[in-house]
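K.L.:
If you scroll down you'll find the structure; I have some questions about it.
The values are calculated or read from the model by the stated rules, or taken from the named source; none is laboratory data. Because the structure is predicted, anything quoted here is derived from the model rather than measured. We place every Cβ from the backbone using ideal geometry, glycine too, and count neighbours over all the protein chains shown.
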């Protein structure tokens, strides 16, 4: 029965494979052992299911991309699940041990989650999340934290981890520390320490530091470098 099914699927892939107008040759099925030992060539597109027993590679994948190591030259649109996931431009739900793509539109979750250029959506990880540009949510627990340059949305560290960004419009929340190198408009909340070069909003934690404060600090020790009274206990109002 299994042999008949495999033969049927291979026959269907050969029968329906045809030159697509914009994207080149395609197949509804790809089965790969270890690239280049795969059913159809790596410069074909897959519209349907790609099963990578060990390692597979194709130009684009629309549908389900499943296996040990999943890589594409350009795009993945759909669901991608494996120990290692890598694509140029990902849209959909990606779950794996190591996720590394150029751009993400959707959900990226795993042990490590990296978007090399931009995240539009949600990043989840056990060890760390990283993306230069974040439009959405980074959520990490419990090892290193969330790392970004420009955040519009939220960075949340649920374990003994940190949030790191250059600019934030939104929320940073962690148990240990939040750090913004340039400016934040919104809220920093942690049990231990908050740091911001400039903040317009609220800092809430045991220790709060800002060079320039326009808003409110609540904590045991509150510091503002540009103030004539740099240190205040319990709370500080800046303008």
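K.L.:
Among the residues of the stretch 57-68, is any in a loop (DSSP other than H, G, I, E, B), at pLDDT below 95 and farther than 24 Å from residue 112 by Cβ?
P.N.:
The answer is no; no qualifying residue exists.
K.L.:
Still on this structure, I have one more. Restricting attention to the stretch 201-238, report how many residues are farther than 21 Å from residue 171 by Cβ and outside any strand (DSSP E or B).
P.N.:
So the answer is 6.
K.L.:
Among 104, 111, 143, 133, which is over 9 Å from the mean Cα position of the chain (by Cα), in a strand (DSSP E or B) and within 23 Å of residue 82 (Cβ to Cβ)? Give the steps one after another, and end with the answer.
P.N.:
Details: 104 fails: over 9 Å from the mean Cα position of the chain (by Cα); 143 fails: in a strand (DSSP E or B); 133 fails: within 23 Å of residue 82 (Cβ to Cβ).
Exactly one residue qualifies, and that residue is 111.
K.L.:
Is there a residue in the stretch 171-185 that is buried (at least 23 other Cβ atoms within 10 Å of the Cβ) and farther than 19 Å from residue 223 by Cα?
P.N.:
Yes.
K.L.:
Of the residues 168, 111, 134, only one is touching a strand residue (DSSP E or B) at 6+ places or on another chain (Cβ under 6 Å), within 28 Å of residue 71 (Cα to Cα) and surrounded by 19 or more Cβ atoms within 10 Å (Cβ to Cβ); which?
P.N.:
134
K.L.:
Further, regarding this structure: Among 41, 28, which is over 9 Å from the mean Cα position of the chain (by Cα) and not in a strand (DSSP E or B)? Step through it out loud before you land on a result.
P.N.:
Numbers: 28 fails: not in a strand (DSSP E or B).
One residue alone meets the criteria, 41.
K.L.:
Being within 25 Å of residue 135 (Cβ to Cβ), at pLDDT below 95 and in a strand (DSSP E or B) narrows it down to one residue among 96, 82; which is it? Break it down stepwise before answering.
P.N.:
Details: 82 fails: within 25 Å of residue 135 (Cβ to Cβ).
Of 96, 82, the one residue that is within 25 Å of residue 135 (Cβ to Cβ), at pLDDT below 95 and in a strand (DSSP E or B) is 96.
K.L.:
Name every residue in the stretch 38-62 that is surrounded by fewer than 20 Cβ atoms within 10 Å (Cβ to Cβ) and under 14 Å from residue 88 (Cα atoms), in order of residue number.
P.N.:
Listed by number, the residues that qualify are 59, 62.
K.L.:
What number of residues within the stretch 200-221 satisfy the criterion of being surrounded by fewer than 23 Cβ atoms within 10 Å (Cβ to Cβ) and closer than 11 Å to residue 238 by Cβ?
P.N.:
Counting residues in the stretch 200-221 that are surrounded by fewer than 23 Cβ atoms within 10 Å (Cβ to Cβ) and closer than 11 Å to residue 238 by Cβ gives 8.
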